[in-house]
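For reference, the structure discussed in these notes is given below.
The values are calculated or read from the model by the stated rules, or taken from the named source; none is laboratory data. Please read these numbers as outputs of a predicted model, since none were measured by experiment. Cβ placement follows ideal geometry from the backbone for every residue including glycine, while neighbour counts extend to all protein chains displayed. Please note that ligands, DNA and RNA were not included when accessible areas were found on the heavy atoms of the full protein model with its side chains. Shrake-Rupley method; radii C 1.70, N 1.55, O 1.52, S 1.80 Å.
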Amino acid sequence: MGNRTATTLFLSSAAGGLYAILLALPAWAQDDATAPHERAPLDRGPRDDAAAPEAVTTITVTGSRIPRSPEFVNSNPTVSVDAQAIEQSGAVRLGDYLKELPALTGSVGSHASAGSNAFIGGAGLNLLNLRNLGTDRTLVLVDGKRHVSSLSGSGAVDIETIPGALIERIDIQTGGVSAIYGADAVSGVVNFVMRRDFEGLEARTQFGQSSEGDSNAALASIVGGRNLLGGRLNLTGAYEYTQSDRLAGTDRRFAAGGSRRLLVNNPADFQSDDDPAIPDRVPLNDIRYNDSSGDGYVTVFDPDFNFIGDFNGRGGVWDPGLAIPDSFFQQGGDGTSLDAYLGDLTPDVERHTVSTFLTYDISDRLRVTGDLKYSRSESYTEVQPSFDFFLQVEPDNPFIPESVAAAAGPGDFIFSSRDHFDLGVRADDIERETIRGVLGLEGDLTDSMRFETSLVYGRTNVDYIATSNRLNDRFAAALDSVIDPANGQQTCRSNLDPDAIPFVLIDQGWDVYDPLPGTWAGSFTPGAGSGCLPFSPFANGSNSAEAVGWIVTDSLTTYRLEQTVFTASVTGSTFNWFVPTNSEMGYAFGFERRIERSRGLPPIEDQRGLTFGNVLSPDGGRYDVSEVFGEFEIPILEGLRFAERLTLEMALRLSDYNTIGHTQTWKGGASWTPVSAVTFRGTRAKATRAPNIGELFDPGGQTFAQIDDPCSVPNLDNGTEFRRANCVQLLTALGI
């Protein structure tokens, strides 16, 4: 998509100093060593740095709730990326940067959430996918706490709602943490550790552009914080603005004009049997669909459905190009280029995020914390046009090309398979609002025991507009055009005869709605005042904007997701009951209650099946889960020859869902340091992912199915040595 260069201006005022750094850096990912999070003691005292004594710190490690000693090595390896590495990457969208890390290469970044790559309602999202096991198996946390989802029916979190200006580091841990954090952490956890107790003022601006002079991206943020009441109260706030331009596939040579090379079945192997000496698949450019085009692929059959001829939509003889065996494709010719269906390479995204943090020490042993965030984004991406196969054209249609009309006799059938670029390329225009609040209370019960409670509430509202959404009943009426005998002008047949409503394709399958006279219940009222204007199924660009405007509409779907989580835990250390060592045994146990809600309301035209897309129904549901968990860190050996330290870890979580009942997850791990320079570590764990709301309460829907025939010629040698004989036996029994 072009190399990207970013320019960053960074201003900071802290501890009485002011400095600015101008950076021009290429946007490549950088690995960073693990940087443990140091939690300040409750008794912070005055903020005079010169007079403050050295703080005694404990370390909170992602993947454990037990406070650790500084020399501790977790049995689960953790990769950390700090704020400096993120800033120096030049990335405006955090997800695009994290995709450069090996464990997250399968994540949904800007390219995967644009154009034809984007799933329904997914335009502009950045979803993490650890080890390519799925976004629903990757748990995203903020300071060890859950975050509300951004995708209806799912637990996937749009990480762009997390303010980058406040990120201290990002910890990535693969596997073995379900017992610590619960369901959805099957493949691991990504924990965003935020900067708290900030004092001073910090501003940052950044602008980036591709080497092609487009795909602009900008970021601006400001962070301010202050200590009050003698250092017992800290208020930190941040505002962040990000914007990235849409990049269309037609803006790049590799994605437009047939330049893109695709791996397809080898045309040189087009025969009844597979030749092992010829490659099965080869890369070719200018790949096109062999059964449709923007002008229309027109076929004529006699009344007995014997083939008469095929044409393009402008009346010429159809050019089939070079046939690609066992596929819907051809190289060259009159078919629609696959590049035309690619859509955008990146979406247009604009986002505003406001965040505030509060920390207040009620006493030396008791602290209140609070987070409040509001994020609003607008995303836009163009996808692909609507299409139809074998649209039947009545013989009196005035738009039929002369050559086609001459080839068709009385009673013959005329069909047009067409990609309707002149109906407008469908696009997703999505506005999302996310609100998240956290209220926490933590403190010391004894010198060696701490408690922490938190209440998290999050809500995401989504307005999803599908533009250029075709109303099938209007399209069918406009397609059935005739000459008005009163004035000799083209018109819709239904304008002259309100009962002459043709069948309406409901779902791009063969289900049709063929109303009886007087039973019409479509999106318009047939008759002279319907507003119907004739539409030609031939020759792309031949239809008026007024005719197109009557057929298409913008459809609004709304979603609302809510999450409520209450957690209470006790952590600390005690006498090592198992093995007498100088180190104490660490422990953590607690309770968590979580409620998830999601609902979606599609537009009435989609519910009634009147649009080009799939029939959609209102969906939604909720579930709740109550969990208890425990965790232990047990030093076994220390300070011995070849056993400088040997530590065991154990964790268990018991869950009770109101939907699926009881589940349990566990973890066992060990880390062994024979000498200071070498550490061995390993974990064995059981993870459980409970079904999400979409999987539990989906009312059902429609989609396309792609079926690979194991007995087709290219697939015969892709199975065992018995496949060919099995296929012969099966097909012979079917009479084929």
**OP:** Please work out if Val462 is part of a strand (DSSP E or B), open to solvent by less than 20 Å² (accessible area, probe 1.4 Å) and farther than 30 Å from Gly115 by Cα.
**Re:** no
**OP:** Go through (1) within 29 Å of the chain's Cα centre (by Cα); (2) free of Cβ contacts under 8 Å to residues at least 24 places away in the same chain and name the single condition Ser355 misses.
**Re:** (2)
**OP:** Could you please give the count of residues in segment 491-522 that are modelled with pLDDT of 65 or more, surrounded by fewer than 16 Cβ atoms within 10 Å (Cβ to Cβ) and within 37 Å of the chain's Cα centre (by Cα)?
**Re:** 1
Original post:
From the residues in segment 205-263 that are basic (Lys, Arg) and part of a loop (DSSP other than H, G, I, E, B), which one is farthest from Asp339 (Cα to Cα)?
Top reply: Arg232
Subject >> Unique match (being within 30 Å of Arg599 (Cα to Cα) and in a strand (DSSP E or B)) among Glu442, Glu452, Glu431 >> reply: Glu431
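Is it the case, given these coordinates, that Leu646 is touching a Phe, Trp or Tyr at 6+ places or on another chain (Cβ under 8 Å), in contact (Cβ under 8 Å) with a residue 24 or more places away in the chain and closer than 13 Å to Val625 by Cα?
On the way: touching a Phe, Trp or Tyr at 6+ places or on another chain (Cβ under 8 Å): yes; in contact (Cβ under 8 Å) with a residue 24 or more places away in the chain: yes; closer than 13 Å to Val625 by Cα: no.
Taking the combined requirement at face value, the residue does not satisfy it.
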Original post:
Could you list, in sequence order, the residues of segment 521-561 that are touching an Asp or Glu at 6+ places or on another chain (Cβ under 7 Å), more than 22 Å from Asp422 (Cα to Cα) and part of a loop (DSSP other than H, G, I, E, B)?
Top reply: Gly522
**OP:** Report, by residue number, each residue of segment 176-191 that is assigned to a loop (DSSP other than H, G, I, E, B) and open to solvent by less than 10 Å² (accessible area, probe 1.4 Å).
**Re:** Val177, Gly182, Ala183, Ala185, Ser187
Subject >> Qualifying residue in segment 377-385 (condition: open to solvent by 30 Å² or more (accessible area, probe 1.4 Å), part of a loop (DSSP other than H, G, I, E, B), of a type outside the set (Lys, Arg) and within 30 Å of Phe632 (Cα to Cα)) >> reply: no
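Do you know which of the residues in segment 421-456 that are within 21 Å of Gly613 (Cβ to Cβ) and not aliphatic (A, V, I, L, M) is farthest from the chain's Cα centre (by Cα)? It would help to see each step written out before you state the result.
Filtering segment 421-456 for residues within 21 Å of Gly613 (Cβ to Cβ) gives 421-432.
Still in the running and not aliphatic (A, V, I, L, M): 421-422, 424, 426, 428-429, 431-432.
Values: Phe421: 26, Asp422: 29, Gly424: 25, Arg426: 19, Asp428: 14, Asp429: 15, Glu431: 15, Arg432: 14 Å.
Filtering segment 421-456 for residues that are within 21 Å of Gly613 (Cβ to Cβ) and not aliphatic (A, V, I, L, M), the one farthest from the chain's Cα centre (by Cα) comes out as Asp422.
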Subject >> Every residue from segment 438-458 that is surrounded by 16 or more Cβ atoms within 10 Å (Cβ to Cβ) and more than 26 Å from Ser355 (Cα to Cα) >> reply: Asp444, Arg450
**OP:** Sort out which residues of segment 580-612 are within 30 Å of Arg645 (Cβ to Cβ) and open to solvent by 10 Å² or more (accessible area, probe 1.4 Å), and write them in order of number.
**Re:** Pro580, Thr581, Asn582, Ser583, Glu584, Tyr587, Phe589, Gly590
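In the list Gly122, Gly115, Gly144, Gly109, which residue meets the criterion of being buried (at least 20 other Cβ atoms within 10 Å of the Cβ) and over 14 Å from the mean Cα position of the chain (by Cα)?
Details: Gly122 fails: over 14 Å from the mean Cα position of the chain (by Cα); Gly115 fails: over 14 Å from the mean Cα position of the chain (by Cα); Gly109 fails: over 14 Å from the mean Cα position of the chain (by Cα).
Every option except Gly144 fails the conditions.
Here is a yes/no grid of residues against (1) over 43 Å from the mean Cα position of the chain (by Cα); (2) over 16 Å from Phe305 (Cβ atoms):
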site: Tyr380; (1), (2): no, yes
site: Gln384; (1), (2): no, yes
site: Glu394; (1), (2): yes, yes
site: Asn397; (1), (2): yes, yes
site: Val404; (1), (2): yes, yes
site: Gly411; (1), (2): yes, no
site: Asp419; (1), (2): no, yes
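How many residues are in contact with a Ser or Thr (Cβ under 7 Å, 6 or more places away or on another chain) and not in a helix (DSSP H, G or I) if we restrict to segment 466-479?
So in segment 466-479, the residues in contact with a Ser or Thr (Cβ under 7 Å, 6 or more places away or on another chain) come out as 466, 469-474, 477.
Next, from what is left, pick out any that are not in a helix (DSSP H, G or I): 466, 469-471.
Within segment 466-479, residues that are in contact with a Ser or Thr (Cβ under 7 Å, 6 or more places away or on another chain) and not in a helix (DSSP H, G or I) number 4.
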**OP:** Only residues that are of a type in the set (S, T, N, Q), at pLDDT 85 or above and over 30 Å from Phe198 (Cβ atoms): list them for segment 235-279, please.
**Re:** Thr250, Asn265, Asn266
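Anything in segment 639-678 that is among the aromatic types (Phe, Trp, Tyr) and surrounded by 20 or more Cβ atoms within 10 Å (Cβ to Cβ)? List them, or say none. First the steps, then the outcome.
Of segment 639-678, the ones among the aromatic types (Phe, Trp, Tyr) are 642, 657, 666, 672.
The answer is Trp672, and nothing else.
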Subject >> Some residue of segment 717-730 being at pLDDT below 85, assigned to a helix (DSSP H, G or I) and over 30 Å from Met650 (Cβ atoms) >> reply: yes
Original post:
Within the set of pairs 6+ apart or on separate chains, which have a first residue in segment 326-352 that is closer than 7 Å to Arg288 by Cβ, a second that is in a strand (DSSP E or B) and polar (S, T, N, Q), and C-beta atoms under 8 Å apart?
Top reply: Gly335/Ser293; Thr336/Ser293
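Could you check how many residues of segment 417-432 are β-branched (Val, Ile, Thr) and either open to solvent by 10 Å² or more (accessible area, probe 1.4 Å) or in contact with a Lys or Arg (Cβ under 6 Å, 6 or more places away or on another chain) (or both)? Walk me through how you get there before you give the answer.
Let us first name the residues in segment 417-432 that are β-branched (Val, Ile, Thr), namely 425, 430.
Those left that are additionally either open to solvent by 10 Å² or more (accessible area, probe 1.4 Å) or in contact with a Lys or Arg (Cβ under 6 Å, 6 or more places away or on another chain) (or both): 425.
The qualifying residues number 1.
Looking at Asp291, Asp319, which is the one that is in contact with a Gly (Cβ under 9 Å, 6 or more places away or on another chain), modelled with pLDDT of 95 or more, assigned to a loop (DSSP other than H, G, I, E, B) and open to solvent by 20 Å² or more (accessible area, probe 1.4 Å)? Break it down into steps so the answer makes sense when it comes.
Numbers: Asp291 fails: modelled with pLDDT of 95 or more.
Sole residue among the options that is in contact with a Gly (Cβ under 9 Å, 6 or more places away or on another chain), modelled with pLDDT of 95 or more, assigned to a loop (DSSP other than H, G, I, E, B) and open to solvent by 20 Å² or more (accessible area, probe 1.4 Å): Asp319.
How many residues are touching an Asp or Glu at 6+ places or on another chain (Cβ under 9 Å), under 21 Å from Pro102 (Cβ atoms) and either open to solvent by 10 Å² or more (accessible area, probe 1.4 Å) or not in a loop (DSSP other than H, G, I, E, B) (or both) when one looks only at segment 156-175? Spell out the reasoning first.
The initial filter retains those residues of segment 156-175 that are touching an Asp or Glu at 6+ places or on another chain (Cβ under 9 Å), namely 156, 163-170.
From what is left, the residues that are under 21 Å from Pro102 (Cβ atoms) are 156, 167, 169-170.
Imposing the further condition that a residue be either open to solvent by 10 Å² or more (accessible area, probe 1.4 Å) or not in a loop (DSSP other than H, G, I, E, B) (or both) reduces the set to 167, 169-170.
Final tally of qualifying residues: 3.
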Original post:
Hey, among Ile362, Ile414, Ile400, Ile435, which residue is open to solvent by less than 20 Å² (accessible area, probe 1.4 Å) and of a type in the set (A, V, I, L, M)?
Top reply: Ile414
